[in-house]
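No value in this document is a laboratory result; all are computed from the given coordinates. Remember, it's a predicted structure, so these values are computed and weren't measured experimentally. Here the Cβ positions follow ideal geometry from the backbone for every residue, glycine too, while neighbour counts run over all protein chains shown.
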Amino acid sequence: MGAAQKTQSRSPVGQDTWKAGLWAFFSGVIVAALIAVPLSASFAFATHPETRFLFTNAVDVSATGYAAFWWVATLFLLSLPFLVGFGVARMSRKTLGILAGIVVIFLIALLVLAQVSFW
């Protein structure tokens, strides 16, 4: 009887860990889908240094510096889904709620600024 009680008490903890892992994977997949196009563009800019001429008068750097910047951006974008998934798996519900609120406020501010700037 004592062994059955220990098994039952451990079961919810294992399920919570399993659920956290699934939510982390799901959030990582969502982030990967959202950054697919910017990741592709940054990889294209990194592998084709002649694209620096697309940004005439805005970027006056060497081909090496330009490629290095885009490789760093590519690596950051590539690691982002893993970082988000790890964060979701390790954070508490309260912390995730606060971060979600901050992201929502940031997106609303971004939309408002985009509308104002193109007016």
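Judged by the mean number of other Cβ atoms found within 10 Å, the most tightly packed of the peptides 87-98, 62-73 leads the ranking 62-73, 87-98. With θ taken as phi - 60° and the Karplus curve 6.51 cos²θ - 1.76 cosθ + 1.60 applied, the whole-hertz 3J(HN,Hα) list for the stretch 74-79 is 5, 5, 5, 5, 5, 7 Hz, x standing for glycine and proline.
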